[in-house]
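See structure below.
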Amino acid sequence: AVQNIIVFIFASISLTTAITRLQMGPIPQLSIPLVERMPGLPVPLVPMDWQQLTRDYISTVFDATSQGPFKPLLWWDDSKLDFNQTTFGLPSYVGVAGQGGTTHEAVNAMGAVLSGLLAGVSMGNLSGPGFANVNFVKMLLNYFDTTHNTHIWKNRVTESGNGEFWYQVWTNTLPLLIASTQTPPLPPALSAKYFVGQGWDVPLSNPLPLGTQLEGTSILDVPMVAAVRSWVQASFVLKGNYNYTGYDFVTHQGVLNGKFTQPEAAAGLAFLFYTARARYGDDSKGTLLTAARRAIEFVLGCEYDVFWEILLPFGALAAARMNRELGTNYDVLKLVGWVLQDDQCPPHAPFRSGWGAFAATWGGVDVSGLIGSVTDDGGYAFAMDTFVTLAALLPVTRHDPRFARTLARWAANAFNSLRLFYPRELPATMQTDLAWVNSTNTWCIPYEGLRCHSPASRAGPYGTGDAKKGGWASTNLGLYGGSYVGLAAILATTTHVQGVYVLDVLATDFGHGPDANPIVLLYNPYPHNITISNTVRARSSSPDITHVDVLERVQGVVLFTHVLVGSLVNLTIGNDAAILVEFRPSAE
């Protein structure tokens with residue numbers, strides 16, 4: 001339980017200091033054994049400026065004139081497949097084989113656009129070295145399939161959209177996250193007329209042409225609505241059974257490759273359907289809600305841990321949000337425990353053993369919190385998986401404050417360990433491609449992965465990847481992971497106390513409405529009380545709000561009322577405790 005919460009406001013502000021309870025006593029905190037094995041204070045403790053790193057990354061990769069080996073990283077694809085426009089490409093790795101043309105991937109390009117938007121970069125009208133006023137958001141339309149009439153987003157412009165479930169679902173989730181970052185949920189009347197129509201389970205009678213952008217919408221909304229319909233149809237065909245490798249949108253059937261299945265897809269689809277429902281609205285039959293509930297209930301009915309790559313954490317978020325908004329009682333702890341490898345959960349499915357979080361030290365360096373394979377040759381963590389899992393799990397605390405301490409403690413470790421994917425943070429002998437980094441002075445692109453030891457010395461951590469070994473690229477520096485750095489930038493802001501972040505858990509709760517109150521999570525890893533200064537904030541959608549009440553959700557108290565937006569609040573947090581602070585508009 002959180003202890004010793006004390007709040008002081010600078011003396012220049014006149015406040016009412018009476019504390020009012022929001023609930024009967026503190027909310028009991030849930031614990032996960034693996035998180036308890038993570039250190040309170042990682043060694044070494046090295047904070048990162050994720051905001052600056054994101055700006056450096058965007059300016060580096062969106063540069064059409066840079067010189068050097070494998071540069072520029074940005075190129076133009078004039079194939080005009082699926083949509084009659086030139087689009088852009090970024091290599092999934094530095095030095096990817098056959099770089100150029102149609103070799104780019106949506107999971108990389110969409111991630112970079114999302115990161116730019118989250119960092120406040122105008123990705124819909126960007127100028128940079130070698131280009132001016134380019135709409136990189138619109139260029140993503142080339143990933144939407146019209147050639148095969150599947151009407152889904154695909155990972156490569158040359159594909160039909162078929163493949164492994166996690167690629168399919170994630171590629172169809174990213175445009176929804178981008179659209180949600182650009183504009184709030186759409187007005188019900190507009191959605192009903194142009195997007196919902198007679199129902200999500202039937203085609204629109206007069207669909208808007210691809211490339212149409214209505215006022216107040218994202219240019220990605222028209223194809224996104226079509227993609228949601230395609231996935232609703234797929235969910236009906238599968239009848240709630242996601243024990244497949246993927247789905248064939250041409251023949252309309254589940255696909256088995258004889259090697260593995262990816263039931264984790266159901267968790268991602270629960271999030272996709274429920275977030276689409278929040279953005280566009282449901283039909284009178286409740287089609288999206290039914291599809292979301294069927295998907296999450298499939299996951300919860302599994303006897304084994306279905307965590308395959310990055311989708312399961314979004315299922316946990318969807319379940320937590322449904323519990324709060326609909327009064328359901330889904331077992332969120334089971335899903336979060338699977339992601340963070342709670343030892344009390346059932347064992348992993350035999351097709352992918354050991355996928356989860358680390359509570360470990362490699363070569364005297366803490367790597368706790370990272371996500372990847374804990375069993376692959378002693379441990380193999382991945383940058384993309386860690387960035388994305390943080391973005392999915394931290395908002396769970398907004399809907400279910402029981403997770404405040406355990407997820408804040410995990411995140412404190414993860415943000416500290418994430419730096420190790422970057423060349424500057426590793427010794428020269430503990431990485432594969434420092435020569436390219438030095439020759440081009442490019443330090444903002446992380447390694448795809450981090451192994452517990454190098455092949456030669458058995459020491460670690462070791463910055464590496466699969467690309468060189470597999471012959472896919474000349475380096476292991478992975479843009480497809482680095483493109484998600486903006487998620488860290490929007491989530492975590494450093495404070496004057498080393499190792500303590502202000503975590504904006506609303507920022508990646510995609511699909512929330514404009515009336516959602518700002519809410520931040522803070523964790524004290526020290527064995528003593530600490531005091532953190534935090535700026536009082538208000539809804540970005542309501543610039544007329546001048547004063548807010550300060551609420552603490554774990555203890556369930558109103559700490560102060562009528563605090564001036566923009567003023568500083570000093571929050572004192574007990575040892576090994578977390579606080580969840582909400583800023584609610586004051587009554588007039």
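Taking R0 as 56 Å, what's the FRET efficiency between Ala189 and Val46 from their Cβ-Cβ distance, rounded to 0.05? Once rounded, the FRET efficiency stands at 0.65. Computed from backbone phi, the HN-Hα couplings of the stretch 534-548 come to 9, 7, 5, 10, 10, 4, 5, 7, 10, x, 7, 6, 10, 9, 9 Hz, rounded to whole numbers (Karplus: 6.51 cos²θ - 1.76 cosθ + 1.60, θ = phi - 60°; Gly and Pro given as x). For Tyr501, nonlocal amide neighbours, meaning residues 5 or more places apart or on other chains whose placed amide H falls under 5 Å from its own, are Tyr523.
As a fraction of the 1.4 Å probe accessible area of the stretch 417-557, surface on carbon and sulfur atoms comes out at 51 percent. Taking a straight Cα-Cα cut-off under 20 Å and skipping sequence neighbours fewer than 8 places away in the same chain, the lysines within cross-link reach of Lys285 are Lys193, Lys239. Would you mind checking the stretch 526-540 for residues with the amide N under 18 Å from a putative spin-label position 7 Å along Cα→C-beta of Gln29? Counting only backbone N, you get 526-532. Full extension of the chain segment joining Ser122 with Val255 gains 43.9 nm, where the gain is 0.36 nm per residue of separation less the Cα-Cα distance.
In the context of the full set of protein chains, residues of the chain present 35 Å² of accessible surface per residue (probe radius 1.4 Å, heavy atoms only). Cα centroids of the stretch 416-436 and the stretch 77-102: 28 Å apart.
For the stretch 481-565, a crude dipole built from +1 on the beta carbon of Lys and Arg and -1 on the beta carbon of Asp and Glu, taken about the Cα centre, is about 140 debye to the nearest 20.
The accessible surface of the stretch 159-217, taken with every protein chain in place and a 1.4 Å probe, is 54 percent carbon and sulfur.
Of the beta bridges in the chain, as assigned by DSSP with both residues counted there, near 95 percent are antiparallel.
Label zone (His148, point 7 Å along Cα-to-C-beta; backbone nitrogen cut-off 18 Å) within the stretch 168-191: 168-173.
Computed extension gain for Asn570 through Thr361, at 0.36 nm per residue and net of the alpha carbon distance, reaches 71.9 nm. Proximity of backbone amide H atoms, modeled 1.01 Å from N, is registered between Ser533 and His496, Leu571 at under 5 Å, excluding neighbours fewer than 5 places apart on the same chain. Net charge dipole, the chain: roughly 200 debye, given to the nearest 20, about the Cα centre with Cβ charges of +1 for Lys and Arg and -1 for Asp and Glu.
The values are calculated or read from the model by the stated rules, or taken from the named source; none is laboratory data. The structure presented is a predicted model; accordingly, all values stated were derived computationally and were not measured. Ideal geometry is used to build each Cβ from the backbone, glycine not excepted, and the neighbour counts take in all protein chains shown. To get the accessible areas, we keep the full protein, side chains included, count just its heavy atoms, and leave off ligands, DNA and RNA. Shrake-Rupley method; radii C 1.70, N 1.55, O 1.52, S 1.80 Å.
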